[in-house]
Structure formats: structure tokens, C-alpha cells
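Contents: one structure, followed by commentary.
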Amino acid sequence: MIVICLEGCHGCGKSTLTNLFNELGYKTLDEAFLDMPHVPAMSPQTMLMESVWIGNWFIRLLNLADKQGEEGVSGEEIFIADRSPFSAVCYAGSRGPLLEPVIRAQMEEVLSASNIEIYSVHLSVSSDVLWSRITSRLEKEPSRAQYSEDKMSHMIKINEFYNSFEWDLTVDNSGEDGRKVVDEVIKKVDELRSKKVSSNVEVLEKEVNVEVNIEVVKTPNKSLSNKFEECCIVGGSERGKVEPVEGEEDMLYAGKSPTTVVTKWLEV
């Protein structure tokens, strides 16, 4: 399961682009993922409330992944999210930076537990275009002023955070061609995923001092279906056995080279 989170300052076009992704056939995370916990005594933009929201976000994602698995949906399906847990780093005030390492650790945990890949994409917009969009939206939705969206100083502060934060990817969304931005987001995520696999292979080659060939292996073992096992080395000539992985029984493979790294399991 691949989750692409669109991030950026208010007015950068997150919602508009999320809707466009949906129109083009991509699935989007439902509005419940944006729901903030409500406690009258505390502002939602506090360390505690943002932490609760982050936890709920990941739990909903894990439940969705479980549902996808029960329905036999491919693990390669892409979901688009309006914002990521990293938004909490910005809006939790002076203690927000404390949340970043926690969120990154949680992302590693959900990847390990349910093979959920999460990518953050910053939608960068020039300041003049951003302010123009914000003021136009305020004319239609004046209630947004309660969030200080009517103040340029607030936009500058929030935009500074988004421009300086370490995102997985950054895509310019200053123009009007949303379809072009959609295509660029998907292309860059694909490139990043390929780069990560290549990087893991390079590290493995250095560790075992062998030339590695990436191989896709078919297996009837459903428990291994759609799992990435980037560090599982198999040996042999034309046929052999896969080294045990996480307690699973040895599996036969269709080998083409003496040394192969199993990067993906496919159910026969």
C-alpha cells in the first residue's frame, strides 16, 4: 500500500489536487483522517491533541491496510492524503519539533508491520501566487479568518516551515495545470521508490561482496505475497531454494543467476 501525502501551506492547492487525483481514478483517504480530537479544555493545536491525532491517523491507515488485504487488493495500490502527520510538527507550537522523530519512527513501524509506504510531497508555491489564492478563498470563505489566514505574516511564518522542512519530494504547484502536477508527483514517487531499491542493493553488494541481480520470484505461499524482501539472497544455478525468511519454509525459485536478491514476492 502506497500513501502519497500532499503537504504545504494553506492555499498551496492540497485539496484541489487531492480532488483531481480522485477524478483521475486514484483513491483518497476519507475525511476522517483529518478529524481532530475535540476536548473543550484544550486547543486542537497543542502537543497533546496533535499527538492523539497522529496516533489516530496511523491506526486508521493500519485498519485500511488490513481491509485491503482481506479483500485481496494489490499492495501496490496508491492512496492520496490531504496532509500527513508532519503537519502536526508545524501546528503543535514550540514543542512541535519533538514530534518529528516520533513520526518518522512510526512510519518505519507501519512499513515493517503492514508494508505501508508513506511519501510526503511538498507542494511549493511562490509567495505572491500563494497570497493571491489565500485572499481569493477568503472572499468565498470569510470564516477562515479565525485561523489567521487573513494575515500575510501568518502565511509567511507557515510557509517558512514548509519550505525548510525535510520532505521526501517537492513539486512546484504555482501554475494552473493540475494534471501536469499530478503526473509529476506520480513520476517522482516512482523514481524515489526505484532509487531506494537500488540503494539497498548497492549496500548489500558491498556487504556480501557479490554482484546482485534483482529478481521477481513467484510463490504459492500467500503469506509472502506482495512482500518486499530486499535482503534475501538466493543461490544456485537454474533452480534452488530461498534462504528462510522470517520463519517461513524454504521456497523453490526460478533462478537465472548464482546470486539473486528477491525484491518482491508474487502469488502464483
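The values are calculated or read from the model by the stated rules, or taken from the named source; none is laboratory data. Predicted model, so just to flag it, every value in this text is computed and none were measured. Cβ placement follows ideal geometry from the backbone for every residue including glycine, while neighbour counts extend to all protein chains displayed.
Does PRO40 satisfy the condition of being surrounded by fewer than 19 Cβ atoms within 10 Å (Cβ to Cβ) and either outside any helix (DSSP H, G or I) or under 13 Å from the mean Cα position of the chain (by Cα) (or both)?
Considered against the rule, which asks whether it is surrounded by fewer than 19 Cβ atoms within 10 Å (Cβ to Cβ) and either outside any helix (DSSP H, G or I) or under 13 Å from the mean Cα position of the chain (by Cα) (or both), PRO40 comes out as yes.
Right, ARG104: more than 22 Å from ARG60 (Cβ to Cβ) and in a helix (DSSP H, G or I) or not?
In short, no.
Among residues belonging to segment 76-105 that are of a type in the set (Gly, Ala, Ser) and within 18 Å of the chain's Cα centre (by Cα), point out the one that is surrounded by the fewest Cβ atoms within 10 Å (Cβ to Cβ).
ALA105
Scan segment 1-37 for residues that are assigned to a loop (DSSP other than H, G, I, E, B) and either of a type in the set (Ser, Thr, Tyr) or modelled with pLDDT of 80 or more (or both) and jot them down.
The answer is MET1, GLY8, CYS9, HIS10, GLY11, CYS12, GLY13, LEU24, GLY25, TYR26, LEU29.
Looking only at segment 136-156, which residues are loosely packed, with under 14 Cβ neighbours inside 10 Å and either of a type in the set (Ser, Thr, Tyr) or not in a helix (DSSP H, G or I) (or both)?
Correct list: SER136, GLU141, SER143, TYR147, SER148, LYS151, SER153.
Among the numbered conditions (1) part of a loop (DSSP other than H, G, I, E, B); (2) among the β-branched types (Val, Ile, Thr); (3) buried (at least 19 other Cβ atoms within 10 Å of the Cβ), tell me where VAL73 comes up short.
(3)
Can you confirm whether LEU98 is more than 23 Å from LYS157 (Cβ to Cβ) and in the same structural domain as VAL182 (by TED's automatic domain parsing)?
no
What are the residue pairs meeting all of these: first residue in segment 8-29, first residue at negative phi, second residue part of a loop (DSSP other than H, G, I, E, B), Cβ atoms under 8 Å, and 6 or more apart or on different chains?
Note: pairs meeting the criteria are CYS9/VAL125; HIS10/GLU149; CYS12/VAL125; CYS12/ASN173; LYS14/GLY8; LYS14/ARG83; LEU17/ASN173; LYS27/GLU77.
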